[in-house]
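These notes concern the structure reproduced below.
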Amino acid sequence: MLKKSDSIRFRDIFLLVLSLIVFGIIAIVDISFYHVPSFIRNFHTERELILILGFLAMTPFLSHLSSKFQKNYKTTLYFSIALLFGLILLISVTQLFWGNILNLWNNNPLLAENPDYWTLFSTFMTLLAASVLVIILFNLKFLMFFRNIKKSDLLFKISIFLILIFSLVLNFYEDHYSYKQLDNAFPVKDLSRYAWIVGGLLIFTINSIKNSWIEELNPREKITALVFIIITLGFSGYFYLSPLITKLYALSVTFKGFILASFAYIIVYLTTATLKLLFHIPLIGYHEQMENELKAVREISELITNSGDEELIFAKIIKHITKIANADICWIESEKKDAHHKILTSKNISRDRAEDISSIARNRINNKREFYYFDLVNDDLGDFIEDMPKKWKMLILVPVSSEELSTNLYLISTKKSSFKASNINSLKTFLSFLKIVRGGTKPVSSTQS
């Protein structure tokens, strides 16, 4: 059952229907007076005003529609991308299959080979494009302020104001019949025209920096978002600079200004988001590893608290250690003061073989280090390991000592570059769990996989 706030108000439906009727009447009038330049020139102001009022009547419904997809930032983002990409795809497919029917003379929106079809099509596409862009603008506002809706949205309001100003000012620069620049009215060659356009793009850029939703994405989601945004941005940029976009705003000079300015704002926002996501790419692997390690620490802590099964706990510890170190073989041995070394747990190696290799490796230790690296291909250590497989490339020994207990971690990998010294602290964190589990003194049978 819909909540009261989620239901569409009767007023919004009424205004939507009224707006569609207005656009329908405009289409009928345009068809009737299509080849009458005097009518277009004499009544262009009234026509533009009626179009603006008709579309404004539709905005409450569009606002309500956009709010349906503003439940979370991911839904809002992907819905907006889908809308923009769908709009570009629709106009591209239309041009591909019906471009000959919708052909213009001298690229003039009011001179087409099939005026009736063109008028209906241009009315529909302009209305659809403006509606889609309004919904996306509402969604961008949600993305910018989803963390704190009470935060000032002054820059966003200024950006929308500039879009609307550009829509209105364009009426003084272009002829409503030929869509060519006027020689009178405002000086089109004056630098002031380009100054406020550049200023508008600057405001768009500053406002687009508000994309804190990127921080909420996990590493995989960041890569997915980056791919989708780059694809959409590429198509949008090409479309914006191509003649295809003419079909989105041919109905009205005012709508032309709104669609061009809104499209520019969205492209700027997507570009800024892309740059920020690219900045996050080098950190994605690190963040993903940290998330996995924290998850593993929680999992082992819960096992220690809720279960007394040492074998299960040790198996979990060695599983996560192997994953962090990207190793193929792993085992852990411990030594109490004045006692022999004992294998606590192992993976992919038997206990007896692990003990033999441990003894050989310990005899090579002659100074205290955080870890010891043995190149099994070039060092002579491999000569002392009986029947050593040729695929073994390296052996790592990580010692962790305390007053009561010494623990050694052994890792064997078939890749020389699989181990990173930066992972030492993480490995020692997991080894520290052994002190909690009964001091780590009870041997556990090895696990084969």
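What follows is calculated from the coordinates using simple rules that are stated; it is not laboratory data. For clarity, every value in this text was computed on a predicted model and none was experimentally measured. Every residue, glycine as well, gets a Cβ built from its backbone with ideal geometry; the counts of neighbours run over all protein chains shown.
Between L202 and V169, take the C-beta separation as r, use R0 = 22 Å, and let me know the FRET efficiency to the nearest 0.05.
Calculated transfer efficiency: 0.80.
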The rounded separation in angstrom of the Cα centers of the stretch 358-401 and the stretch 238-285 is 57
Among L381, I321, S334, the residue whose Cα sits farthest towards the positive end of the charge dipole of the stretch 311-402 (+1 at Cβ of Lys and Arg, -1 at Cβ of Asp and Glu, taken about the Cα centre) is I321
Pairs over 27 Å Cα to Cα, from K319/K390; K222/K428; K71/K256; K347/K393; K157/K256; K222/K393, come to K222/K428; K71/K256; K222/K393
